[in-house]
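Below is one structure; the comments refer to it alone.
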Amino acid sequence: MTSTPATTQHLRDLARLRRVRDRIDQEYAQPLDVEALARGANMSAGHLSRQFRLAYGESPYGYLMTRRIERAMALLRRGDLSVTEVCFAVGCASLGTFSTRFSELLGVPPSVYRRQAARATAGMPPCVAKQVTRPIRNREARTTNP
């Protein structure tokens, strides 16, 4: 069985996109931007962004911020760090951007989430709390029929 050059190239691109996604998952707290991710994958930033969105349904930056917010949620549930400390611990350089993105994703600011999550997950094992409180992106949200 032989594959066409286009199929071979597509498979190579998917492998590079998986490496980019894995890098984001591992290095979310580091200063990452699309240009740096693209350089690491030997792609242009525009090509990486388009291909990443096609493969995963969101931009590399959106995926990175979602990972950061998920980690922030876990740190806020612990309750031993301030919102500002959590913001910088997950790699965000701006408290305003962090709070805005957090509110967009979860519907409440980080400070409110911290208070609510402490009550909602009290006595719950951390592995269960992580699953129960995982943010739902817009494209994953369940729709109800009218």
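The values are calculated or read from the model by the stated rules, or taken from the named source; none is laboratory data. Bear in mind the structure is a predicted one, so any value in this text is a computation, not a measurement. Please note: Cβ atoms are built from the backbone with ideal geometry, for glycine as well, and neighbour counts cover all protein chains shown.
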Review point. Failed condition for GLN26, given (1) surrounded by fewer than 14 Cβ atoms within 10 Å (Cβ to Cβ); (2) over 14 Å from the mean Cα position of the chain (by Cα); (3) not assigned by TED's automatic domain parsing to the domain that holds GLY123, with all others met?
Key: (2)
Review point. Regarding ALA129, is this residue at pLDDT below 75, in contact with a helix residue (DSSP H, G or I) (Cβ under 7 Å, 6 or more places away or on another chain) and not β-branched (Val, Ile, Thr)?
Key: yes
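For every residue, the table says whether it meets (1) assigned to a loop (DSSP other than H, G, I, E, B); (2) at pLDDT below 90; (3) more than 30 Å from ASP13 (Cα to Cα).
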position: SER49; (1), (2), (3): no, no, no
position: GLY62; (1), (2), (3): no, no, no
position: THR100; (1), (2), (3): no, no, yes
position: GLN116; (1), (2), (3): no, yes, yes
position: PRO135; (1), (2), (3): yes, yes, no
Exercise for review: Would you be able to tell me the number of residues in the range 1-47 that are in contact with a Leu (Cβ under 9 Å, 6 or more places away or on another chain), outside any loop (DSSP other than H, G, I, E, B) and hydrophobic (A, V, I, L, M, F, W, C)?
Suggested key: 7
